[in-house]
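Asks: Here you go, one structure.
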Amino acid sequence: MRKILWMILAIPIFAWSAQPREQAAPPVETTQQHDQRMAWFREARFGLFIHWGLYAQPAGEWGGKQIRGIGEWIMNSARIPVADYEKLADQFNPIKFNAREWVRIAKAAGMKYIVITSKHHDGFSMFDSRISNYTIVKSTPFRRDPMKELADACREAGITSCFYHSIMDWHHGDAQSIGYPNYNNAPSNPNFARYVENYLKPEVKELLTNYGRIGIMWFDGEWIGDWTADMGRDLYALCRSLQPNVIVNNRVGKARAGMSGMSSGAGAVGDYGTPEQEIPATGFGAGVDWESCMTMNDTWGFKKDDNNWKSLATLIRMLIDSSSKGGNFLLNVGPTAEGLIPAPSIERLADIGKWMKVNSEAIYGTSASPFKKLAFGKCTQKPGRLYLHVFQWPADGNLVVPIRNQVAKAYLLADRARPLEVATIEQGARISVPAAAPDPIASVVVVEIKGTTQVIDTPLRQAGDGNLSLLAEDAEIKGSRARVEDKGGVPNIGYWSAAGDFVQWSPQIVRPGTFDVEVTYACEPASAGNEYVVAVGDQKLTVKIAATRSWDDFVVVKAGQITIDKAGVAVIAVRPAGSKITGAGLMNLRSLILKPSAARK
């Protein structure tokens, strides 16, 4: 019976017409109305993404082999026929699923909303749909509706319930997969419009009718050729007609620029952008809403052999980084087929919650930093208040904040009752802090100021100890391809594939001398072996690039020594040594750190 289920699904169950129809127009709203609708999203800043479906059953393995790629794509990656994949439903029985426990974990982490996969690309509906028999309620031994249980638990706990829903469907006979082994790259299906009218839209209607207030409809899969800009506008309009206050992401439309996540052009529709697995090196300016979605390891759906977990420090700093650029952070978990969130995810969420219990004021409802950069970390702000997220605690006990404002007071969020001494100096406000950081990952110093923030634009210069940090986000990039990207919450210069591209900094040197040069970089093994030059005036250091495990695996190496004899502005450049770059790129360059040589101190 299951072997022909996809054929049955091709037959309309309801009488929606598959003929061309007039497209609904997105509702018109004033700026004030839009801001009111987006207000809870901007306040929340932190949410939980949950990828859960039939793909949790094989957990990355098929035919006795571990399948490369992310877990929820195994149907496509392993070229599993529809009839064979359907059989997973017979085994899927997540009896350990506890909606209240999932919500408790999210709330304890400081998360304000949950986005869960109601249907992923495999076409299996994780809710009780009348439109299909291929659902967790009708096709599995579980026979329960976890989306209903989770939505109810969210409301009880004051968490906003949201749905992810796939536009494409590898299972449905009217969608793009029919009879083709590579579902994601299947040719156009002439019945796709019928799938949209008779299946996709009715399912969306159920989700926005039967589960109470939904905060976000998070669509995905819009990149397929059969999906059009008109379909996107129509689906957006449908969502807003069913729940006028629902927020819809930009993947409902047809204008997203890849993983960077932002939309532009005629096909743009939706309320916010969706960078994926990256945090933009800079924000997108005032009035632009966006949300970076991120895995804790390498996969979204559960995969039992993926143990490449991000550290707690990385995750907390990613959350801070997103907020400091005016965006939200949507952090993913992939529950098991039993219905359990993996222990490493629970541990990290609990530890993030401990940090948020102290510092959440510096995340919720904040806006982007007024500073282009801060040597010690990041900044978020609210009217009259700056939150300094200090990653690198100052060795000399002083934080210098480049502002002209009068400071009313300063204190640590971890010790609000103890005021910190503040002095006005040429470079801004100097805040005296305790010798030890309250939190080694990120300690938050609050600076209450009078008036609108007035930033002092300061050039790159040495720190008080003589160190000079040349960071990717401060580099001047010359050339056609290299650009600043974001890896692990820290910017780097990537896409460096043209031999004519180079980067340079023009720092102010106040303590000349001989410096040890440390380079932080990453380079996949297949692209290793190229050489680069660090140049200061007539001096050159030539360095051969050794492999790291991947483009994301950053290491620190000592490149050698350079001497800067004079105070003033020095031009420090990094360029390829040869006329050609072999492999995919030169390297991903995160920073150059110049440290006074012990022999010259």
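Asks: Considering only residues of region 551-593 that are over 18 Å from ILE493 (Cα atoms) and assigned to a strand (DSSP E or B), which is nearest to the chain's Cα centre (by Cα)?
Replies: LYS558
Asks: Please count how many residues of region 522-532 are more than 21 Å from PRO280 (Cβ to Cβ) and either surrounded by 18 or more Cβ atoms within 10 Å (Cβ to Cβ) or modelled with pLDDT under 90 (or both).
Replies: Looking only at that region, the number is 5.
Asks: May I pose another question? What about ASP486, is it touching a Pro at 6+ places or on another chain (Cβ under 9 Å) and either more than 23 Å from ARG430 (Cα to Cα) or at pLDDT below 85 (or both)?
Replies: Working: touching a Pro at 6+ places or on another chain (Cβ under 9 Å): yes; either more than 23 Å from ARG430 (Cα to Cα) or at pLDDT below 85 (or both): yes.
Taking the combined requirement at face value, the residue satisfies it.
Asks: Another question, if that's okay. Go through ILE114, ILE95, ILE74 for me and flag whichever is among the β-branched types (Val, Ile, Thr), more than 24 Å from ILE131 (Cα to Cα) and part of a strand (DSSP E or B).
Replies: Criteria check complete, one pass: ILE114.
Asks: Where residues in region 469-483 are at pLDDT 85 or above and surrounded by fewer than 16 Cβ atoms within 10 Å (Cβ to Cβ), which of them is farthest from the chain's Cα centre (by Cα)?
Replies: The extreme case among them is LYS478.
Asks: Quick check: anything in region 290-308 modelled with pLDDT of 90 or more, more than 25 Å from LYS119 (Cα to Cα), in a loop (DSSP other than H, G, I, E, B) and of a type in the set (S, T, N, Q)? Spell out how you get there, then give the answer.
Replies: The initial filter retains those residues of region 290-308 that are modelled with pLDDT of 90 or more, namely 290-308.
Of the ones still in play, those that are also more than 25 Å from LYS119 (Cα to Cα) are 307-308.
From what is left, the residues that are in a loop (DSSP other than H, G, I, E, B) are 307-308.
Checking which are of a type in the set (S, T, N, Q) leaves us with 307-308.
Scanning region 290-308 turns up at least one residue that is modelled with pLDDT of 90 or more, more than 25 Å from LYS119 (Cα to Cα), in a loop (DSSP other than H, G, I, E, B) and of a type in the set (S, T, N, Q).
Asks: Check whether at least one residue in region 555-571 is touching a Lys or Arg at 6+ places or on another chain (Cβ under 7 Å) and at pLDDT 95 or above, and report yes or no.
Replies: Taking region 555-571 and keeping what is touching a Lys or Arg at 6+ places or on another chain (Cβ under 7 Å), we get none.
There is no residue in region 555-571 that is touching a Lys or Arg at 6+ places or on another chain (Cβ under 7 Å) and at pLDDT 95 or above.
Asks: Can you say whether ASN98 is open to solvent by 10 Å² or more (accessible area, probe 1.4 Å), within 30 Å of TRP355 (Cβ to Cβ) and over 26 Å from the mean Cα position of the chain (by Cα), as far as the supplied structure shows?
Replies: Values: open to solvent by 10 Å² or more (accessible area, probe 1.4 Å): yes; within 30 Å of TRP355 (Cβ to Cβ): yes; over 26 Å from the mean Cα position of the chain (by Cα): yes.
Judged against the criteria, ASN98 is a match.
Asks: Tell me the residue from GLY173, GLY158, GLY123 that is modelled with pLDDT under 95 and small (Gly, Ala, Ser), please.
Replies: Criteria check complete, one pass: GLY173.
Asks: Quick one: in region 200-232, which of the residues that are over 20 Å from GLU156 (Cβ atoms) and among the small types (Gly, Ala, Ser) is surrounded by the most Cβ atoms within 10 Å (Cβ to Cβ)?
Replies: GLY232
Asks: On to the next question. Name the residues in region 286-310 that are of a type in the set (Gly, Ala, Ser) and open to solvent by less than 50 Å² (accessible area, probe 1.4 Å), would you?
Replies: SER292, GLY301
Asks: Here's something else I'd like to know. Determine, yes or no, whether VAL519 is in a strand (DSSP E or B), of a type in the set (A, V, I, L, M) and open to solvent by 20 Å² or more (accessible area, probe 1.4 Å).
Replies: No; evaluated as a whole, the condition is false for this residue.
Asks: A further question follows. Filter region 227-281 down to the residues that are basic (Lys, Arg) and outside any loop (DSSP other than H, G, I, E, B) and list them by number.
Replies: If the condition is that a residue be basic (Lys, Arg) and outside any loop (DSSP other than H, G, I, E, B), then ARG233, ARG240, ARG251, ARG256 are the ones that fit.
Asks: Could I ask something else about it? If you take the residues of region 347-375 that are more than 15 Å from SER443 (Cβ to Cβ) and among the basic types (Lys, Arg), which of them is most open to solvent (accessible area, probe 1.4 Å)?
Replies: LYS372
Asks: Continuing with this model, one more query. How about region 413-508: which strands (runs of 3 or more DSSP E) wholly inside it have at least 2 residues that are farther than 23 Å from ASN398 by Cα?
Replies: Output list reads 476-478, 483-487, 490-494, 502-505.
Asks: For ASP439, which of the numbered conditions (1) touching a residue at least 60 places away in the same chain (Cβ under 8 Å); (2) open to solvent by 30 Å² or more (accessible area, probe 1.4 Å); (3) over 22 Å from ILE316 (Cα atoms) fails to hold?
Replies: ASP439 satisfies all of (1) touching a residue at least 60 places away in the same chain (Cβ under 8 Å); (2) open to solvent by 30 Å² or more (accessible area, probe 1.4 Å); (3) over 22 Å from ILE316 (Cα atoms) except (3).
Asks: Out of ALA268, ALA255, ALA281, ALA313, which single residue is among the hydrophobic types (A, V, I, L, M, F, W, C), open to solvent by less than 50 Å² (accessible area, probe 1.4 Å), within 26 Å of ASN588 (Cβ to Cβ) and modelled with pLDDT under 95?
Replies: Result: ALA281 is the single residue among ALA268, ALA255, ALA281, ALA313 that is among the hydrophobic types (A, V, I, L, M, F, W, C), open to solvent by less than 50 Å² (accessible area, probe 1.4 Å), within 26 Å of ASN588 (Cβ to Cβ) and modelled with pLDDT under 95.
Asks: Just one of ALA25, ALA18 is loosely packed, with under 13 Cβ neighbours inside 10 Å and either modelled with pLDDT of 95 or more or assigned to a loop (DSSP other than H, G, I, E, B) (or both); which is it?
Replies: When all the criteria are applied, what remains is ALA25.
Asks: Could you count how many residues in region 380-412 are among the basic types (Lys, Arg) and either in a loop (DSSP other than H, G, I, E, B) or surrounded by 17 or more Cβ atoms within 10 Å (Cβ to Cβ) (or both)?
Replies: The qualifying residues number 1.
Asks: Taking region 128-138, which residues are free of Cβ contacts under 8 Å to residues at least 60 places away in the same chain and open to solvent by less than 10 Å² (accessible area, probe 1.4 Å)?
Replies: THR135, ILE136
Asks: With the structure loaded, tell me whether ASP122 is among the acidic types (Asp, Glu) and either touching a Pro at 6+ places or on another chain (Cβ under 7 Å) or in a loop (DSSP other than H, G, I, E, B) (or both) or whether it fails that test.
Replies: Yes.
Asks: Mind checking which residues of region 497-511 are open to solvent by 40 Å² or more (accessible area, probe 1.4 Å) and of a type in the set (A, V, I, L, M)?
Replies: Within region 497-511, just VAL510 meets the criteria.
Asks: Hey, another quick one. Restricting attention to region 43-58, does a residue exist that is without any contact (Cβ under 8 Å) to a residue 40 or more places away in the chain and closer than 20 Å to ASP306 by Cβ? Step through it out loud before you land on a result.
Replies: Of region 43-58, the ones without any contact (Cβ under 8 Å) to a residue 40 or more places away in the chain are 58.
Keeping just the survivors that are closer than 20 Å to ASP306 by Cβ gives 58.
For region 43-58, residues without any contact (Cβ under 8 Å) to a residue 40 or more places away in the chain and closer than 20 Å to ASP306 by Cβ: present.
Asks: Mind checking which pairs have a first residue in region 162-183 that is of a type in the set (Phe, Trp, Tyr) and a second that is open to solvent by 10 Å² or more (accessible area, probe 1.4 Å) and at pLDDT 95 or above, Cβ under 7 Å, 6 or more apart or different chains?
Replies: Hits for this filter: TYR164/ASP220.
Asks: For PHE142, all conditions in the list (1) under 26 Å from THR274 (Cβ atoms); (2) part of a loop (DSSP other than H, G, I, E, B) hold save one; what is the number of the exception?
Replies: Among (1) under 26 Å from THR274 (Cβ atoms); (2) part of a loop (DSSP other than H, G, I, E, B), the lone unmet condition for PHE142 is (1).
Asks: Out of (1) within 27 Å of THR366 (Cβ to Cβ); (2) more than 27 Å from the chain's Cα centre (by Cα), what's the single condition that is false for PRO459?
Replies: The single condition PRO459 does not satisfy is (1).
Asks: For GLY69, state whether it is open to solvent by 10 Å² or more (accessible area, probe 1.4 Å), outside any helix (DSSP H, G or I), under 21 Å from TRP300 (Cβ atoms) and small (Gly, Ala, Ser).
Replies: Spelling it out, GLY69 is indeed open to solvent by 10 Å² or more (accessible area, probe 1.4 Å), outside any helix (DSSP H, G or I), under 21 Å from TRP300 (Cβ atoms) and small (Gly, Ala, Ser).
The values are calculated or read from the model by the stated rules, or taken from the named source; none is laboratory data. Only a predicted model underlies this, so the values are computations on that prediction, with no experimental measurement involved. Glycine also receives a Cβ, built like all others from the backbone with ideal geometry; neighbour counts cover every protein chain displayed. All accessible areas refer to the heavy atoms of the entire protein, side chains included, with ligands and DNA or RNA removed. Shrake-Rupley method; radii C 1.70, N 1.55, O 1.52, S 1.80 Å.
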